[in-house]
Amino acid sequence: MRASRVSNERGMALAVAVFALVVIGALVAGTFFAGRLEQQSGENTLFATQASEAAEAAMAQSLGGGLTSATMLALVAGGSGTTLSSVSLGGSVTGTPSVRRLTSSVWLLQAVGERDDAGGALLARRSVGQLIRLNQVNVKVNAGLTAIGKVTVSGNSTVSGVDATPSEWTTSPPVDCPTPGDVAGVRYNGQLTQQGSAVITGSPNRQQDNTLSAGNMLGGSSFDQLKAVATLTLTGNISGLAAQTTGNPPVCDTSLQNNWGAPTVKTSPCFNYFPIIYHLGDLSISGTGEGQGILLVEGNLNVQGRIDFYGPVIVTGGVNIRGTGSDDVKFYGGVMAQDVTLDDSKLTGNATVNYSSCAIRRALQGSATPIPLTERSWVQLYN
Amino acid sequence: MRNLRGFTLIELLVALVIMLVVTGSIFTLLNTTQRVSRAQAERTDLQSNVRAGAIIVPNELREINNVEAGTASQIDIITPNPTSLRYRAMRGIGFVCQTPTAGEVRIKKTTWSGMREPVAGRDAGYVFMEGADPDVSTDDTWQPVTITGVAASTCGADVAYALTISPTVAALTSVPVGTPVRLYEVMELSLYVSDGKSWLGAKSVSAGEATQPVIGPLVDATGLAFEYLDKNGAATAVNGDIKSIRLTIRGITNQAIVMGGSSGSVQQVQDRLVSEVLLRNAFRP
């Protein structure tokens, strides 16, 4: 009987203790659960923010130099895009940018930011984008040859304002060119002399413009503004031009003074390399080869040999282009010379200056840098 | 047999006293635990509310476009007030998949990226227009369009949205394939009072909706505050000059909770979170 009483007393104490422990345990567990949920919610917010920041960083890196005009111009509107170099923010946070061309002048730069755990499992992903385009120098070429001072065209030279597209650019895949439109052959504010078998064509062939001056000849940017964005500064004369590559897979070797791109070789890595070339002082170009971009000479320019150049040529002094017998000098784009106190502009031998809106556009676009559209460029993406 | 007669009065009294002490202790412990638990839950809700607000609102606002001295269609901030904001909220982007007519723009469905599908009447849009000089960006514009219909359609073999544009816009016929189209709806965020409590309220002005509570409760009168800052970080009252918006959300617990244990005061707890939203499309390249 005594044993029975002891048993009853133990049972009551145990029941009370268990009840209290269960209730307290439930409350504590609930509190911990709520706290854990709150912590996880906070962590998820943190991961999402890290992914967003990684995407933003990837986009900033692309716009800051990772994305070049060559990459952009190599894309076809409506085609697939290309992935750019990714950004790592501490190992488990990465941003991967890509770009695709929407129209001839607008691209979508997209960046996907991801936050992984230590095992590589995805914790958060965010995607943002920017509508971008190319920011190019503001040069308006309104004639095959534009000059403030005297212009002499002699020999078998040709100056043409008839919009021409180099034949290599019309074969498949064709180069994206603007609708052709003819301009004046020679636009000048001085004296124009045509001698020998020289030909001047255009719409009109010759156009005297008394308003033409050093201040308005380039159309928008000043010469100083242009040289400030030069990407290739020459240290001496050029004897021959040659597009060269480096590395494997090969990329265009942009460190060379005489590599000015490969304007007629679509398969070359240098096909979309458009340097803004600047030289202080008189520049002499001789030999053979071809190049493209924007050529800026703060002095006089002498060209002799078999040289083809695609893009605007802007010279503060005089221009002397001289073909030699069977050798030709062909400038596709436009030549603009500002007469100072040196030579007048001369074209002799088999020299050709042919206006080409396509060459100008490619050079201006190719030497441009990507920038966001002026409005509504930043986009929150959901895929 | 004498042992079976029960407890003495003394024994019962002692047992009762012990029971009272034990029960009282347990009750006190349970009560304290329950208060702490409830306070913890309230604080969790409070912090979640404030944090959610600090995520939702910036996400809504950061795509806003603004142009100093711009036109009405360039300035997405429509009515900025200290406790409310009416604005154009971007809802998605798509790309023209065939040459538009003056009254219809088609967007390939697989290129659409938005928080939801386009909705006629609720959404309006902007179509990018390349300027006369394709080589410069300064003459680019976004053509505002009113969308009166959204229908399933095709672009060749691809599924597309056909957006009916009314009134018609002749300039759309010159828009090339691939051109971006952005859709938006006019939204309003405000400090909204319902059932005696304050909330962050939102409504689609475009859809003619009534304000709906989004998060809360917030502190009365000061629970939601917008400050509009210009490029120098100074307050501005000029809509087009606004480059960033400083958002302050002050949350409050739904119920009063005990502060500092069982002997602490009982009151509603407040928490505040301030975030500054840079308007991504208010800065010109």
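The values are calculated or read from the model by the stated rules, or taken from the named source; none is laboratory data. Fair warning: this is a prediction, and the values are worked out from it, not measured in the lab. Reconstructed Cβ throughout: ideal geometry from the backbone, glycine too, with neighbour counts over all protein chains shown. SASA here: full protein model, heavy atoms, side chains in, ligands and nucleic acids out. Shrake-Rupley method; radii C 1.70, N 1.55, O 1.52, S 1.80 Å.
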Determine by what factor the alpha-carbon radius of gyration of region B:4-97 differs from 2.2 N^0.38 Å, reporting the quotient. 2.57
When a/c reaches 1.5 or more, the comparison of a/b and b/c decides; with that in mind, is region B:197-281 rounded, prolate or oblate per its Cα gyration tensor? oblate
Report the residue, chosen from B:Val17, B:Val238, B:Val269, that carries the largest GNM mean-square fluctuation when chain B is represented by alpha-carbon nodes joined by springs under 10 Å. B:Val17
Cut-off of 10 Å, at most 16 other beta carbons, DSSP loop: longest stretch of chain A lacking such trypsin sites (Lys or Arg not before Pro): A:1-149
Each residue of region A:65-76 in order: what ³J(HN,Hα) in whole Hz does its phi give by Karplus 6.51 cos²θ - 1.76 cosθ + 1.60, θ = phi - 60°, with x for Gly and Pro? x, x, 9, 10, 5, 4, 4, 5, 6, 6, 7, 9
Setting aside same-chain residues fewer than 8 positions from A:Lys330, which lysines have a Cα under 25 Å from its Cα? A:Lys140, A:Lys150, A:Lys227, A:Lys266, A:Lys346
Enter the mean projected area of the convex hull around the alpha-carbon atoms of region A:130-194, in nm², rounded to one decimal. 6.9 nm²
Which whole-angstrom value gives the distance between the alpha carbon centres of region A:148-179 and region B:25-70? 67 Å
Need one number: convex hull volume per residue for chain B, Cα atoms only, in Å³. 211 Å³
Note: chain A at 37 °C, 0.692 mPa s; Kirkwood Rh on alpha carbon pairs; Stokes-Einstein D in µm²/s works out to 134 µm²/s
Distant-in-sequence amide H partners of A:Ala351 (H built 1.01 Å from N, under 5 Å): A:Asn156, A:Ser157, A:Thr158, A:Gly323, A:Val329
With Rg from the Cα atoms and Rh as the Kirkwood inverse mean 1/r over Cα pairs, the protein assembly as shown has an Rg/Rh of 1.21
Using a probe of 1.4 angstrom, how much of the accessible area of the protein assembly as shown is carbon and sulfur, in percent? 54 percent
Environment charge of B:Ala120, counting only residues whose C-beta is closer than 14 Å and scoring Lys/Arg +1, Asp/Glu -1: -1
Number of partner chain Cβ atoms within 10 Å, mean per residue of A:365-378: 6
Have a look at region A:1-136 and give its Rg and Dmax from the Cα atoms, expressed in angstrom. 29.2, 105
Could you work out the Rg to Rh ratio of region A:119-241, with Rh taken as the Kirkwood radius (inverse of the mean 1/r over all Cα pairs)? 1.17
In whole percent, what relative contact order does region A:176-302 give with Cα contacts below 8 Å and a gap of six or more residues? 20 percent
Between A:Thr245 and residues 5 or more places away or on another chain, which pairs have amide H atoms under 5 Å apart, with H built 1.01 Å from N, and which residues are they? A:Asp253
What total accessible area, in Å², is buried where chains B and A meet, using a 1.4 Å probe and rounding to the nearest 100? 4200 Å²
How much accessible area does A:Phe19 have with a 1.4 Å probe, in Å² rounded to the nearest 10? 130 Å²
Local charge sum around B:Val181 (other residues, Cβ-Cβ under 15 Å, Lys/Arg +1, Asp/Glu -1)? -1
Please enumerate, by chain and number, the aspartates and glutamates with C-alpha under 14 Å from the C-alpha of B:Lys108, excluding those fewer than 8 residues away in the same chain. B:Glu117, B:Asp158
Considering protein heavy atoms only and a 1.4 Å probe radius, which residues within region A:73-117 exhibit an accessible-area decrease of no less than 40 Å² in the full assembly relative to the chain by itself? A:Leu102, A:Thr103
To the nearest 0.05, the calculated FRET efficiency linking A:Leu21 and B:Ala15 through their beta-carbon distance, R0 being 22 Å, is 0.50
Cross-link partners of B:Lys243 among lysines (Cα-Cα below 22 Å; sequence separation of 8 or more within a chain): B:Lys231
What is chain A's relative contact order, in percent, from Cα pairs under 8 angstrom and six or more apart in sequence? 17 percent
In order over region B:73-79: 3J(HN,Hα) from phi, Karplus 6.51/-1.76/1.60, θ = phi - 60°, whole Hz, x for each Gly or Pro, gives 6, 8, 10, 7, 7, 9, 9
Can you give me the accessible area per residue for region A:98-220, using a 1.4 Å probe, in Å²? 41 Å²
If you take every residue apart from B:Gln268 with its C-beta less than 14 Å away from the C-beta of B:Gln268, what net charge results, scoring Lys and Arg +1 and Asp and Glu -1? +1
Give the ranking of B:Asp158, B:Asp135 by solvent-accessible surface, highest area first, calculated with a 1.4 Å probe. B:Asp158, B:Asp135
For chain A, with +1 on Lys and Arg beta carbons and -1 on Asp and Glu, the positive-most of A:Ile24, A:Thr103, A:Thr352 along the dipole: A:Ile24
Mind jotting down the distance between the C-alpha centroids of region B:150-173 and region A:247-266, whole Å? 44 Å
